[in-house]
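The values are calculated or read from the model by the stated rules, or taken from the named source; none is laboratory data. Bear in mind that the values here come from a model prediction, so they are computed numbers and not experimental data. Here Cβ is always computed from backbone atoms with ideal geometry, including for glycine, and neighbour counts include all displayed protein chains. Accessible surface areas use protein heavy atoms only, side chains included; no ligands, DNA or RNA. Shrake-Rupley method; radii C 1.70, N 1.55, O 1.52, S 1.80 Å.
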Amino acid sequence: MKPLHIDQKQPLHMHQLTASIVILFILLTGCTNTAQTASDLKSDETIVFFRTSAWFDNSENLWKIPIHGWVYEPQSSIVRASLFEAALSAKYQIDISDTQRETFEKRVNLLIADNERGKKIVIRLADDTITLPKTTPNGHFYHIINLTPEEAISHINPANHTIHFRAVLSSSDTREFSGEVKLYPPTGLTVISDIDDTVKRTGVTNTEELMRSTFLLPFSSIAGMSRAYQQMESKGAQFHYVSSSPWQLYPELLSMLNQSDFPWASFTLKSVRFRDKTVFGLFKKGIETKPQQISKLINRYPKRDFILVGDSGEHDPEVYQAIYKEFPDQVKAIWIRDIGSDGQIRERIDAINNAIHPMSIQLFREPESIITYFNQYLSKALAVETETSL
């Protein structure tokens, strides 16, 4: 290699000064490699940030801020969509009308989207740029950011107690992907709610109806449930959805809940890879997935009270029975929407109530009933608080 030539007419310290100026100029003008601080995202790939809830760790005196999302490449496969359409027709005698086709293609394309593994996602949260762990085979990434109480207060939106963040993209990518985390205080009330047939019309007990609602029909909420949840939120309740619906349908579910004016809520859905199962096996029984999900959530908030809301369509009563036995001091109420017409749910509930006495599952058909139940909970909680303070 040819040695570096230095003009002897110019003093050495001048070369050093010149080099320093060049380095300073590079740093100030941002001419360094910006790819190091941007997400590894192609123009045909998408990020979805899921709503999450933060918790306070007393042992570390830190807020735990979970960042959870999904990177995928949208698909528009005529061949796959045709196969699904043929299967619906052959197995369930469901034919797709012209007015349903747009909804069908949107839902199918979400479910068959290519999950992008090994992607580096960089986010900007307040004044910090944070590189998240690379995405897993299902395209998901998950990371917990630690904030001191002072940092959390300085970053929070006081209107809704959320912290906002966004993905850092390359300078040529003008898209915006953002998310938010809500800080749930160590004490208070959390309502853990199912989605399908609890707040959303699904028909999980009837396979044909389930397929229609999943693939063909606009998602619709159960009348009165958003108003009931709004009233609970106005009196201090926070919300978290735990559902057997797959994460792929999160954008559609969130859109429905927002349009129906449901309160802000964090989510725990089910992880499914299209290559692992057929699309008709997406809705795994909740009794196989929900107990561990709910237990993990309650363990994060050991001083909060919880109300569990579900429906009688599948196994919510049995799941909530197990949760109450694990957390008898924190689970304050269990409300089950009775969607049956044969009266057999009463026998199920009586058997469970005998096993969890003095807790008693309360059935409801109309959302107005849970407003009454909630007011009863508040009155009881106030009485306990008054007695404790005396």
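Data overview
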quantity: Calculated SAXS-style log₁₀ I(q)/I(0) at q = 0.09, 0.10, 0.13 Å⁻¹ - the chain, Debye, Cα scatterers; calculated: -0.62, -0.75, -1.17
quantity: Extension gain (nm, one decimal) between residue 60 and residue 230, 0.36 nm per residue minus Cα-Cα; calculated: 57.8 nm
quantity: Selection of trypsin sites (Lys or Arg not before Pro), region 312-347, meeting DSSP coil and at most 16 other Cβ within 10 Å; calculated: none
quantity: C-alpha long axis of helix 316-326 to longest principal axis of the chain, angle in °; calculated: 70
quantity: The chain, helix-only ellipticity at 222 nm - DSSP H runs n ≥ 4, -39,500 (n - 2.57), divided by all residues, nearest 500; calculated: -11500 deg cm²/dmol
quantity: Full-stretch length increase - residue 80, residue 299 - with 0.36 nm per residue and alpha-carbon distance subtracted; calculated: 74.7 nm
quantity: Accessible area per residue in Å² at 1.4 Å probe, computed on region 65-122; calculated: 48
quantity: Protein accessible area in region 190-238, 1.4 Å probe - carbon and sulfur %; calculated: 45
quantity: Net charge, residue 252 excluded, C-beta distance under 12 Å - Lys, Arg +1, Asp, Glu -1; calculated: +3
quantity: Gaussian network model of the chain, springs between alpha carbon atoms under 10 Å - residue of 164, 240, 140 with greatest fluctuation; calculated: 164
quantity: Accessible surface of region 293-347, 1.4 Å probe, proportion on carbon and sulfur as whole %; calculated: 42
quantity: Accessible area (Å², per residue) of region 293-390, counting only protein heavy atoms and a probe of 1.4 Å; calculated: 53
quantity: Amide H contacts of residue 268 (H built 1.01 Å from N, under 5 Å, at least 5 apart or other chain); calculated: 241, 242, 243
quantity: Rounded percent of accessible protein surface that carbon and sulfur make up, region 54-104, 1.4 Å probe; calculated: 50
quantity: Those aspartates and glutamates that a straight Cα-Cα span of less than 12 Å connects to residue 332, excepting residues fewer than 8 apart in one chain; calculated: 305
quantity: Cα shape, region 171-250, gyration tensor, a/c 1.5 rule; calculated: oblate
quantity: Solvent-accessible area per residue for region 136-286 (1.4 angstrom probe, square angstrom); calculated: 42
quantity: Fully extended contour minus Cα-Cα distance, from residue 87 to residue 117, at 0.36 nm per residue; calculated: 7.9 nm
quantity: Among the listed pairs 42/91; 91/296; 106/296; 64/290; 134/296; 64/325, those beyond 29 Å (Cα-Cα); calculated: 42/91; 91/296; 106/296
quantity: Residue of 106, 235, 120 that the Gaussian network model of the chain assigns the largest fluctuation, springs spanning Cα pairs under 10 Å; calculated: 235
quantity: Those GluC sites (Glu not before Pro) in region 166-263 that DSSP places in a loop and that have at most 14 other beta carbons within 10 Å; calculated: 176
quantity: Computed over region 35-96, Kirkwood Rh from alpha-carbon pairs, angstrom; calculated: 16.2
